[in-house]
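Participant: Pasting in a structure now, in C-alpha cells, and then I'll have a few things to ask.
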Amino acid sequence: PILENGLNCSIYILLITSSPGYSKSVFLSVPLFYRYFVVNKMHKPMKIIHTSDWHLGQEFYSYDRTEEHESFLCQLRSIVEEEQPDALVISGDIYHNATPSNTVMRLFSDHLDSIRQACPDMLIVVIAGNHDSASRLEISSTIWAHLNVHIIGRIERNQEGEIDFRRHIIPIQDKGYI
C-alpha cells in the first residue's frame, strides 16, 4: 500500500513462530513472539521481532507475577541476541495499569536497556496501549531516543487535525521504515 506521505511498503510475513521453550503457565497475559521479515521497495529484507501485552506489575488473584515477567524479559533478550533483528516493536500494554510502581518502571527500564545492549544497532519502537499512561510512558522518550529507542505514547496530529506521519514512521538504517 502507498501511505499518505508517499511511502510505498510491502509486507511479507515469511515466518511466524512462538518463542521456543516458553512455558504455557506464563501465557496468562505475556505475549507470543513473532518474527517478521519485511521487504520494502528497495527489496532489502528487514528482520523484525514483535511483542505486546507485557502487563508488567500485574498481580493475578494476589499472585505476584514479577518472577514470570523477569523470565520473559530475559528470554526476549536471548532471542534478540540470537536473532540480531533490525527492529523490535513493543506494541502496547507495557504496564498493567496507568500508574505503575517505581519498582515496575525500573524493571522495564533495566530490561529494555539490557535488550538494547544485546543488539545495539537494532531500532526499538515502544507504543503505548490502553493500560499504559501515554504521558507517563513518553516522559523519558527524549533520553531513550539517543539510544535508538522510540517511545510513542499518543498519536500526534498537525494543525489540520491529520495524523503527523513524520513522527510515527521511523526509518530503519538504509532498509526502510517501520
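The values are calculated or read from the model by the stated rules, or taken from the named source; none is laboratory data. These numbers were taken from a predicted model, which means no experiment stands behind them. Glycine also receives a Cβ, built like all others from the backbone with ideal geometry; neighbour counts cover every protein chain displayed. For accessibility, only protein heavy atoms count, side chains too; no ligands or nucleic acids. Shrake-Rupley method; radii C 1.70, N 1.55, O 1.52, S 1.80 Å.
Participant: Evaluate 2.2 N^0.38 Å with N set to the residue count of region 38-164, then give the Cα radius of gyration divided by it.
Facilitator: Expressed relative to 2.2 N^0.38 Å, the Cα Rg reads 1.11.
Participant: Now for a separate question. Would you mind telling me the share, in percent, of accessible area of region 44-178 contributed by carbon and sulfur at probe 1.4 angstrom?
Facilitator: Looking at region 44-178 in its full context, I get 48 percent from C and S.
Participant: Taking the Cβ of residue 93 as the centre, find all other residues whose Cβ is under 11 Å away and add up their charges (Lys, Arg: +1; Asp, Glu: -1).
Facilitator: The answer is -2.
Participant: Still on this model: Would you mind getting me the FRET efficiency between residue 61 and residue 121? Use the beta-carbon distance for r and R0 = 41 Å, nearest 0.05.
Facilitator: According to the calculation, E is roughly 0.50.
Participant: If I model a spin label as a point 7 Å beyond the Cα along the Cα-Cβ vector, how far apart are those points for residue 98 and residue 81 in nm?
Facilitator: Once both label points are built, they end up 3.8 nm from each other.
Participant: Where nothing but the Cβ of Lys and Arg (+1) and of Asp and Glu (-1) is charged, how large is the charge dipole of region 64-178 around its Cα centre, in debye to the nearest 20?
Facilitator: Using Cβ point charges on Lys, Arg, Asp and Glu, region 64-178 gives about 340 debye.
Participant: Counting Lys and Arg as +1 and Asp and Glu as -1, each charge on the Cβ, what is the dipole of region 82-130 about the Cα centre in debye, to the nearest 20?
Facilitator: Here the size comes out at about 260 debye.
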